[in-house]
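A short worksheet on the structure shown next.
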Amino acid sequence: MNLAWEQDWLEQFDNRLDELMANYPAEFEYEDINFGVRIDNDRVALRRWFQTFENADPDASRHMFNATRYHGDEHGGCLEWTWEIEHRTDFLGLPAKGKTTFVRGLTVHKFEAGKITVERSLWDTGALMRQLGLQAPMEVEFR
């Protein structure tokens with residue numbers, strides 16, 4: 001795969017859930033390490049999880065993802081991405097309503113026959129917490 005493919009995949013979170021789900025075969029491993037969510041071979045559960053970020057409800061928070069770099073090929077690789085959230089409600093129990101947050105993350109993909117068979121994501125939870133005004137690890141600059 002490539003950066004354009006990954007960008008299209010991210011855009012499928014924007015109310016294109018059927019297209020998004022078509023990228024996952026019956027047997028897959030999914031994990032969002034920050035959220036502590038792991039789903040293996042359960043497309044119904046994966047679809048339910050992805051609905052959290054779908055942008056289908058105009059009253060719900062809006063999630064915008066952007067692919068910035070892809071390191072890999074058609075067999076797999078690492079995607080660097082950004083995630084902007086216009087919070088119209090609190091975010092998974094965190095006080096967020098009325099705020100906009102911007103975080104960076106990484107997703108590792110393994111592909112077989114053009115489908116995602118392994119997906120692991122990590123993102124900057126500390127940045128999200130700081131932007132929401134919550135206690136988070138100190139941001140450090142190295143020179």
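The values are calculated or read from the model by the stated rules, or taken from the named source; none is laboratory data. Just so it is clear, the structure is predicted and the values come from calculations on it, not from any experiment. In this analysis, Cβ positions are derived from the backbone assuming ideal geometry, glycine residues included, and neighbour counts consider all displayed protein chains.
Residue selection: T68 satisfies the criterion of being surrounded by fewer than 15 Cβ atoms within 10 Å (Cβ to Cβ) and either outside any strand (DSSP E or B) or free of Cβ contacts under 8 Å to residues at least 40 places away in the same chain (or both).
Does F35 satisfy being of a type outside the set (D, E, K, R), at pLDDT below 95 and under 27 Å from L134 (Cβ atoms)? Lay out the reasoning, then the answer.
On the way: of a type outside the set (D, E, K, R): yes; at pLDDT below 95: yes; under 27 Å from L134 (Cβ atoms): yes.
For F35, the condition - of a type outside the set (D, E, K, R), at pLDDT below 95 and under 27 Å from L134 (Cβ atoms) - is met.
Just to be sure, is A127 surrounded by 16 or more Cβ atoms within 10 Å (Cβ to Cβ) and assigned to a loop (DSSP other than H, G, I, E, B)? Spelling it out, it is not the case that A127 is surrounded by 16 or more Cβ atoms within 10 Å (Cβ to Cβ) and assigned to a loop (DSSP other than H, G, I, E, B). The listed residues are V108, V103, and the only one of them that is surrounded by 14 or more Cβ atoms within 10 Å (Cβ to Cβ) and touching a helix residue (DSSP H, G or I) at 6+ places or on another chain (Cβ under 6 Å) turns out to be V103. Within segment 48-70, being of a type in the set (A, V, I, L, M, F, W, C) and either at pLDDT 95 or above or out of contact with any His (no Cβ under 9 Å at 6 or more places or on another chain) (or both) holds for W49, F50, A56, A60, M64, F65, A67.
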